[in-house]
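Derivation of every value follows stated rules applied to the coordinates shown; laboratory data play no part. Please read these numbers as outputs of a predicted model, since none were measured by experiment. Reconstructed Cβ throughout: ideal geometry from the backbone, glycine too, with neighbour counts over all protein chains shown.
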Amino acid sequence: MAKNGGLITREGLKSYKPIWRTPICGNFRKAKICSMPPPSSGGVHLLQILNIIGDTDLKSLG
């Protein structure tokens, strides 16, 4: 990483402490979808997008 200007160091990786957060879950059609909760916005956006397309027949759109 250092050779290429990266910011991650071996010491940083050694001292990293992950934080467990309860996943955010929702339903889309017959599936239960779980993803990353805030402060990540990915899971919230994914569930919003799936709710927007709802019952749209995606196959008919190509």
Of the residues in segment 1-41 that are assigned to a helix (DSSP H, G or I) and hydrophobic (A, V, I, L, M, F, W, C), the one that is farthest from the chain's Cα centre (by Cα) is 2
Of the residues in segment 13-49, those that are among the aromatic types (Phe, Trp, Tyr) and either loosely packed, with under 10 Cβ neighbours inside 10 Å or within 30 Å of residue 1 (Cβ to Cβ) (or both) come to 16, 20
Take segment 42-58 and flag every residue that is part of a helix (DSSP H, G or I) and over 13 Å from the mean Cα position of the chain (by Cα). 50, 51, 52, 53
If you go through segment 37-62, how many residues are of a type outside the set (Gly, Ala, Ser) and in contact with a strand residue (DSSP E or B) (Cβ under 7 Å, 6 or more places away or on another chain)? 5
